1. Kindly provide the set of residues from segment 1-26 that are assigned to a helix (DSSP H, G or I), closer than 30 Å to T107 by Cβ and open to solvent by less than 100 Å² (accessible area, probe 1.4 Å), ordered by number.
2. Checking the conditions here, which among T99, T107 is among the polar types (S, T, N, Q), free of Cβ contacts under 8 Å to residues at least 60 places away in the same chain and exposed (fewer than 15 other Cβ atoms within 10 Å of the Cβ)?
3. Go through segment 137-146 residue by residue and tally those that are modelled with pLDDT under 85 and under 16 Å from F105 (Cα atoms).
4. Report the residue count in segment 27-47 for those that are assigned to a helix (DSSP H, G or I) and open to solvent by 70 Å² or more (accessible area, probe 1.4 Å).
5. In segment 48-63, what count of residues is obtained for those that are loosely packed, with under 12 Cβ neighbours inside 10 Å and of a type in the set (S, T, Y)?
6. Mind checking whether some residue in segment 105-120 is part of a strand (DSSP E or B), at pLDDT below 85 and either hydrophobic (A, V, I, L, M, F, W, C) or closer than 19 Å to L147 by Cα (or both)?
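The values are calculated or read from the model by the stated rules, or taken from the named source; none is laboratory data. In this text the structure is predicted, and so the values were computed from the model without any measurement. Glycine gets a Cβ as well: all are built from the backbone with ideal geometry, and neighbour counts include every protein chain shown. These accessible areas exclude ligands, DNA and RNA; they are computed on the full protein's heavy atoms, side chains included. Shrake-Rupley method; radii C 1.70, N 1.55, O 1.52, S 1.80 Å.
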Amino acid sequence: MVLVRQPGFEFEEEESPEFDWDTMTSEEIDAAIEELNQFSNQDSPIIKRYNTFIPEYAHNFLQKINAMGVYGYNESEIMSYLEHEFEVDMNNLLQLGETHGLVEFSTGNFPYGGMDRFLMVLKSFELMPTECFNGFTIYDFKWTSDLAHDALEKPEETKKYLERMKR
């Protein structure tokens with residue numbers, strides 16, 4: 001997500017093979033046609049990136065969600081979401097201990113929407129979000145299922161956090 005948003009970033013595109021059809025024998029033409037068929041039957045670049053970056057266990061979780069019809073996105077849509085449509089900047093990723101970490105991101109729009117998909121991507125990697133500042137208040141996640149949570153507001157922590165932000 002961070003890499004794709006760097007100025008001047010371009011995906012590496014795999015170029016199709018080129019042939020000098022005028023000088024090829026019929027056997028070489030047959031082999032070239034087979035090579036072109038194999039090239040055209042490859043996964044799209046976005047599916048290749050998905051397969052590179054999303055491990056099997058995360059894929060299985062995302063497929064489970066997709067099968068439930070909750071968010072309804074496939075492999076190319078989730079990569080597009082993470083690379084381009086998730087309107088946030090990643091500010092910090094920090095491991096705080098053996099089982100805890102901090103993901104800090106900021107949004108470029110108001111009101112911010114779309115965190116549910118991000119939470120599901122985190123959960124697909126077996127990362128369990130526990131607390132969030134949503135731009136208004138800090139709250140704890142009380143997970144009621146794999147896909148749903150209650151937001152338990154923390155007004156005192158929110159007040160302290162907002163005071164620190166003013167400094």
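1. We begin by selecting, within segment 1-26, every residue assigned to a helix (DSSP H, G or I); these are 3-5, 21-23, 26.
If we keep only those that are closer than 30 Å to T107 by Cβ too, we end up with 3-5.
Answer for segment 1-26, where residues must be assigned to a helix (DSSP H, G or I), closer than 30 Å to T107 by Cβ and open to solvent by less than 100 Å² (accessible area, probe 1.4 Å): V4, R5.
2. On the way: T107 fails: exposed (fewer than 15 other Cβ atoms within 10 Å of the Cβ).
Only one candidate qualifies: T99.
3. Summing the residues that are modelled with pLDDT under 85 and under 16 Å from F105 (Cα atoms) in segment 137-146 gives 0.
4. Looking only at segment 27-47, we keep the residues that are assigned to a helix (DSSP H, G or I), and these are 27-40, 45-47.
Still in the list and also open to solvent by 70 Å² or more (accessible area, probe 1.4 Å): 27-28, 30, 33-35, 37-38, 40.
Result for segment 27-47: 9.
5. The number of residues fulfilling the criteria is 2.
6. The initial filter retains those residues of segment 105-120 that are part of a strand (DSSP E or B), namely 105-107.
From the residues that got through so far, the ones that are at pLDDT below 85 too are 105-107.
Of the ones still in play, those that are also either hydrophobic (A, V, I, L, M, F, W, C) or closer than 19 Å to L147 by Cα (or both) are 105.
There is at least one residue in segment 105-120 that is part of a strand (DSSP E or B), at pLDDT below 85 and either hydrophobic (A, V, I, L, M, F, W, C) or closer than 19 Å to L147 by Cα (or both).
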